[in-house]
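Written below as C-alpha cells is the structure these notes are about.
Any read-out appearing in this document is the output of simple, stated calculations on the displayed coordinates, not a laboratory observation. Because the structure is a prediction, the values reported are computed rather than measured. No Cβ is skipped: glycine too gets one built from the backbone with ideal geometry, and neighbour counts run over all protein chains shown.
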C-alpha cells in the first residue's frame, strides 16, 4: 500500500472544485481513497479518520491538503497528475469567459440586472452584500458564517431601500418562476411562500406541486431572521411583498417558532392582510397566532394541503398507510439490543421537522441542532441514543461543500452508524432540484447497500427509511430517485414527515 500527503500553501479552491478534483483522483485505477480539501480543523479530522493524512501534519485553513491512499506508488503519481490536469483545465476554461472581478464590473456588463447572488467565504460576504444594496440591487446571500451584527446592519439597509436581503445562509428562492440556489422545478400558480427555512421551503413547494397547486414566489429570509435580535426584518418585508403581488392569492409561512416579540409583530401585520395566510411554525403553539386570522398548520405537509385547497379548491385527502403493521413486521427482525434510530439529513428544516415528529411519539432525540441544551450533542461526530443530524450545519460545511452538493460525508456517516450494533433504523432525506447533486439518490445508494450488507453479516437487520424532496420536472426526476432508493434497499415514504412517523413507530415498538 502506498500513500501520499501534500500541502499546497495559500492555494484556495472552492469546495465544489475540490469535490470534483477528489472524484478525478478516486477514478484512477488502483486508488483506494483520495481527497483534496481546504485545511480546516473539521477537514483535518475527516482526512485523518479516513487514513489519508498524518494527524501531526502542519497546515492552515488557507492551505489545500491532498491525501491519497493507493495500491502502489504509480497509482499515487497518476492520481496527482489527474488532480493537476483537472485544476489546469478548469483554470484554462475559465480564462475564455469574460468574468468581471468586481460587482461594479459585472453591473457594467449587465446594467439591467437587479439581483446579486453571493456565495463567497463568510468573512467577505457582508461587504459584498452591502455593496450590492448600495447599488440598488436585491441580494440572495448564500454564504454562511456571517455575524448576526452584519446581518442586522444589512437588513436594516435593505428595508430602508425596499430591497430583498435574503440570508445570510439563504439557500432557496423562486422569484418570478426562476429558481435560485437550491430550488425545485415547480409549476407557476397562486401560492406565495416566505420561509426562514431552506429545505422547508423546498419541501413545501414540491408538495404544493404534488397536491395540484402552483407557486407564485418563494422567498427565503435566512434562518436567523425571526430571532429577537434580527426582529423578522426580512420576513415582514417578504410578507408585505406577497400581499401586494398580483400573482399571489394565498400566502404560506414556514419557520421554526419566532421569538414571542417578533411573532406578536407578525401576527399584527398579517391580521390586516386581505389574502389568506397559512402559517407553519414547526413546533410552535397555535395560540401564537390568536387574533391574526392565519390558519395554523402543524407540519409542512399540512401547510401545503391547506394552501392548495385555498388557492385552487383542490382538496386532496391524505391516504393513510398501514404504518403500524409494517413497523411490527420490521421490529420482529431485529436482534436483541437493536433499539436506536439515527437520522442523517442534508436539510436542516427536514431534520427539525423529523425531530418534532419523533418527539411527539415520546422519543428523546439528541441532535446538533437541538434547542434544548440537554439534548445537544457534545460531539457531532458521535451519535448518542436516538440521534438526528443536520449535516448541512456550519460544523459540517466549514471547508466542505453542502451535503446536497457533495454527499461524501453523509455516505461515510451512514456506514459509521451501520457499524453500531444498537442501531435499527436510519432515516435519510434526498433533496433534488437545481443546485443539488446530479443524482443524490445514486450518491447515497452505495452506502445504503453496504450498510445493510454489513449489518446482515453480523446477523442484524437494518431498516433504512428515506423520502425524496423533488418533482418530476427536476433534473433528477423524483420517480427515478425513489426507484434508485428502493433498489438500494430503502423504504421510501411519500414525504419527510411520513418517513419520520414511520421511523418513530418502529422505534416505539422496539424501545
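Can you give the FRET efficiency for residue 472 and residue 56, using 1/(1 + (r/R0)^6), R0 = 45 Å, r = Cβ-Cβ distance, to the nearest 0.05? List each step's numbers first, then the result.
On the way: r = 51 Å, r/R0 = 1.14.
For residue 472 and residue 56, the calculated efficiency is 0.30.
If you stretched the chain out fully between residue 26 and residue 332, how much longer would it get, using 0.36 nm times the residue separation minus the C-alpha to C-alpha distance?
On the way: separation 306, 0.36 × 306 = 110.16 nm, distance 4.00 nm.
Separation in residues times 0.36 nm, less the Cα-Cα distance, equals 106.2 nm.
Among (i) 71, 64, 40; (ii) 73, 49, 47; (iii) 74, 64, 56, which one is Cα extents along the principal axes in Å computed from these coordinates?
Computing Cα extents along the principal axes in Å and matching it to (i) 71, 64, 40; (ii) 73, 49, 47; (iii) 74, 64, 56 gives (i).
I want to make sure I understand the PRE zone here: with the label point 7 angstrom from the Cα of residue 457 toward its beta carbon, which residues in segment 38-79 have backbone N atoms less than 19 Å away?
The answer is 50-51, whose backbone nitrogens lie closer than 19 Å to the label point.
Compute the distance in nm between two label points, each set 7 Å from the Cα along the Cα-to-Cβ direction, one at residue 88 and one at residue 374.
Label-label distance for residue 88 and residue 374, simple model: 6.1 nm.
Show me the ranking of peptides 484-495, 6-17 by mean Cβ neighbours inside 10 Å, starting with the highest.
In decreasing order of mean packing, 484-495, 6-17 become 484-495, 6-17.
Rounded to the nearest 500, what is the chain's calculated 222 nm mean residue ellipticity when only DSSP H runs of at least 4 contribute -39500 (n - 2.57) each, over all residues?
Helix contribution divided over all residues of the chain: -12500 deg cm²/dmol.
Give, in nm to one decimal, the length gained when the segment between residue 156 and residue 274 is fully stretched (0.36 nm per residue of separation minus the Cα-Cα distance).
Contour length minus the Cα-Cα distance gives 39.8 nm.
State the extension gain, in nm to one decimal, for the chain segment bounded by residue 48 and residue 104, taking 0.36 nm per residue of separation less the distance between their alpha-carbons.
Extra length from residue 48 to residue 104 when fully extended: 15.9 nm.
Hey, what D do you get for segment 2-95 in µm²/s if you plug the Kirkwood alpha-carbon radius into Stokes-Einstein at 4 °C and 1.567 mPa s?
99
Test of understanding: extend the Cα→C-beta vector of residue 147 to 7 Å, then name every residue of segment 103-128 with backbone N under 17 Å from that spot.
Of the residues in segment 103-128, 121-128 have backbone N under 17 Å from the label point off residue 147.
Can you give the % of DSSP beta bridges in segment 357-511 that are antiparallel, to the nearest 5?
If we restrict to bridges inside segment 357-511, about 0 percent are antiparallel.
Tell me, 471, 88 in order of fewest to most beta-carbon neighbours within 10 Å?
88, 471
If I model a spin label as a point 7 Å beyond the Cα along the Cα-Cβ vector, how far apart are those points for residue 178 and residue 487 in nm?
Rounded to a tenth, the inter-label distance reads 3.6 nm.
Where does each of 244, 311 land when they are ranked from fewest to most other beta-carbon atoms within 10 angstrom? Don't skip to the end; give the middle numbers.
Numbers: 244 9, 311 26.
With the sparsest Cβ surroundings first, the list reads 244, 311.
Would you order 330, 317 from fewest to most other beta-carbon atoms within 10 Å of each residue's own beta-carbon? List each step's numbers first, then the result.
On the way: 330 22, 317 6.
By the 10 Å Cβ count, ascending, the order reads 317, 330.
Calculate the FRET efficiency for residue 511 and residue 187 from the Cβ-Cβ distance with a Förster distance of 51 Å, rounded to the nearest 0.05.
Given R0 = 51 Å and the Cβ-Cβ separation, E is 0.75.
Measuring from centroid to centroid over Cα atoms, what is the spacing of segment 441-511 and segment 30-59 in Å?
So the separation of the two Cα centres works out to 29 Å.
Looking at segment 323-510 from every direction and averaging, what is the projected area of its Cα convex hull in nm²?
Its average projected convex-hull area is 9.7 nm².
In nm, to one decimal, how far is the residue 259 label point from the residue 319 one, both placed 7 Å along Cα→Cβ?
4.5
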